[in-house]
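One structure below.
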Amino acid sequence: MTEDDLRDLYQEVILDHGRRPRNFRRLDAPDASARGNNPLCGDRIEVFVKTDAEGRITDAAFEGKGCAISTASASLMTEIVKGKTAEEAKALGAAFREMATGGCPHCEAALEDDFDRLRVLSGVAEYPSRVKCATLAWHTLGAALDHAAEEVRTE
Ligand code: ZN
């Protein structure tokens, strides 16, 4: 596969998830939720998470309005974090943010099995104004999970 073929494939995945986002719904009685806003582009999302007693994410979903990149990133994220612990999900988010800013020599190892799926968004590193579109969902998920942890601690 040539560079151009790869680029087209990535573009296709982003357009597909942007047009038909997965897990695009509210969750009833989520264990954690947070709103994210990227004023640079106008992307606004709300992320919902359900976790089990061990802190493992059993369901993740989102709602909102945004560009194809922010929607595709949120869609991929909600699929990828299911079954992960909050800590694992936050570590993935950190590695993804590094990949999206183009400064991550060890992302492939850090993202493990999810590298191939998340790599479709790595092209934003060439477009600094779009980096926030790609990382918004992960920032918002991190905020939701941190807040959930706080609530657990105060119980
Ligand atoms: Zn955007």
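From the list THR101, THR51, THR71, pick out the single residue that is under 20 Å from ASP146 (Cα atoms) and of a type in the set (Ser, Thr, Tyr). Don't jump to the end; show me each part of the working.
Values: THR101 fails: under 20 Å from ASP146 (Cα atoms); THR71 fails: under 20 Å from ASP146 (Cα atoms).
Going through THR101, THR51, THR71 in turn, the sole match is THR51.
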- Item | Failed condition for PRO21, given (1) at pLDDT 95 or above; (2) surrounded by fewer than 13 Cβ atoms within 10 Å (Cβ to Cβ) | (2)
- Task: Scan the stretch 92-112 and give yes if some residue there is touching a strand residue (DSSP E or B) at 6+ places or on another chain (Cβ under 8 Å) and within 16 Å of the ligand (Cβ to nearest atom), otherwise no.
- Result: no
- Residue check for LEU27: closer than 24 Å to LEU15 by Cα, touching a Phe, Trp or Tyr at 6+ places or on another chain (Cβ under 9 Å) and among the hydrophobic types (A, V, I, L, M, F, W, C): no
- Message: I need a count of the residues in the stretch 121-139 that are at pLDDT below 90 and within 10 Å of the ligand (Cβ to nearest atom).
- Response: 2
- Which of (1) more than 16 Å from the ligand (Cβ to nearest atom); (2) at pLDDT below 95; (3) of a type in the set (Gly, Ala, Ser) is the odd one out, the single condition GLY142 does not satisfy? (2)
- Only one of THR71, THR2, THR58, THR78 that is buried (at least 16 other Cβ atoms within 10 Å of the Cβ), among the hydroxyl-bearing types (Ser, Thr, Tyr) and away from the ligand (no atom under 16 Å from the Cβ): THR78
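The values are calculated or read from the model by the stated rules, or taken from the named source; none is laboratory data. These figures come from a predicted structure and were not determined experimentally. In this analysis, Cβ positions are derived from the backbone assuming ideal geometry, glycine residues included, and neighbour counts consider all displayed protein chains.
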